[in-house]
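Every number in this text was worked out from the coordinates using simple rules, so none of it is lab data. On a predicted model such as this, the values are computed, not experimentally measured, just so you know. Don't worry about glycine lacking a Cβ; one is built from the backbone with ideal geometry, like all the others, and counts go over all protein chains shown.
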Amino acid sequence: MQKTQEELKANILSALAHPNRVRILEFLKNGVKCNCEIAPKLDLEQSNLSRHMKILVQQGIVISWKDGLRVNYKIADERVFKILDLAAAIAKRSIETQAGVLEEV
């Protein structure tokens, strides 16, 4: 059964809906990195990193390939950063709105 566009969108948003996965994507913004660079830089256990990377790869957000013992990763589509930027702007506005409500009380 083919997934609807809404389901596909929800799957991508779900893949982005974890702080560690956002951190991983921000780290990959600077180019190709191997798992041996990502895990220590982000202070993640290798098994935890692998789980997050599997989700990002399955959703087509990240591309992976082996190079000997190394597993390299890169962003599949730079437009993912537009989504993250929009999420940051919405979060900022929400925080400002909540702060304004608290000032009125």
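Could you give the angle, 0 to 90 degrees to the nearest 10, between helix 5-16's Cα long axis and the longest principal axis of the Cα atoms of the chain?
Roughly 80 degrees, rounded to the nearest 10.
Full-extension gain between D67 and I95, please, as 0.36 nm times their residue separation minus the C-alpha to C-alpha distance.
5.7 nm
Using only the alpha-carbon atoms, how far is helix 46-58 inclined from the longest principal axis of the chain? Give it as 0 to 90 degrees, nearest 10.
Its long axis makes an angle of about 80 degrees.
Using only alpha carbon pairs under 8 Å that are at least six residues apart, calculate the relative contact order of the chain and give it in whole percent.
Once normalised by length, the contact order is 24 percent.
Note the listed values [x] 16, 56, 28, 0; [y] 14, 52, 29, 4, 0; [z] 13, 41, 26, 15, 5, 1, 0, then indicate which one is P(r) over Cα pairs in 10 Å bins from 0, in percent calculated from this particular structure.
Structure-derived value, by its label: [z].
With each pseudo-label sitting 7 Å past Cα toward Cβ, what's the A76-N48 distance in nm, one decimal?
2.5
Does anyone have the angle between helix 80-104 and the longest principal axis of the chain? Alpha-carbon axes, 0 to 90°, nearest 10?
The answer is roughly 30 degrees.
Within the range 7-42, name every residue whose backbone N is under 15 Å away from a label modeled 7 Å from Cα of Q58 along the Cβ vector.
8-18, 21
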